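Trainee: Sharing a structure here in structure tokens format.
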Amino acid sequence: MGAIRGAVCCENTVCDIAAKAVTLVESILNLNNLDITDVDAVIFSSTEDLDACYPAESVRKFFNAGNVAFMCLQEMRVENSLDHCLRVCVLTQKLAQDVCKHCYLGRASDLRKDL
């Protein structure tokens, strides 16, 4: 099973969280040559300053992904960490972990300078 990770920063508005969540998952799917039907589960976590909506709701609707398991969690608070950050873990049985391509967009690319 592959666990594809990613992150993006967004403003605390329904519109921005929804749009950035969709963009992030869409980017992960495209980068890994996956379709939403290849996804088993999507786990979102966000910093405490993002509370305007659930990112999973917009992704589920956009991709018509009623059969995908979604979960939203609050990220642990760490001093001097990146704010307004939405993280994701996309789980798929279609890829082995060693071939997964992770996706960190915008300011969130600072989280994984090794990629």
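The values are calculated or read from the model by the stated rules, or taken from the named source; none is laboratory data. Only a predicted model underlies this, so the values are computations on that prediction, with no experimental measurement involved. Note that we place each Cβ from the backbone using ideal geometry, even for glycine, and neighbour counts take in every protein chain shown.
Trainee: Within the group GLU26, GLU79, GLU57, which residue is out of contact with any His (no Cβ under 8 Å at 6 or more places or on another chain) and at pLDDT below 95?
Mentor: Details: GLU26 fails: at pLDDT below 95; GLU57 fails: at pLDDT below 95.
Among GLU26, GLU79, GLU57, only GLU79 is out of contact with any His (no Cβ under 8 Å at 6 or more places or on another chain) and at pLDDT below 95.
Trainee: For segment 61-72, check the following and say yes or no: at least one residue is in contact with a Ser or Thr (Cβ under 6 Å, 6 or more places away or on another chain) and either without any contact (Cβ under 8 Å) to a residue 60 or more places away in the chain or not aromatic (Phe, Trp, Tyr) (or both). Write out each step before concluding.
Mentor: Going through segment 61-72, the residues in contact with a Ser or Thr (Cβ under 6 Å, 6 or more places away or on another chain) turn out to be none.
No, segment 61-72 contains no residue that is in contact with a Ser or Thr (Cβ under 6 Å, 6 or more places away or on another chain) and either without any contact (Cβ under 8 Å) to a residue 60 or more places away in the chain or not aromatic (Phe, Trp, Tyr) (or both).
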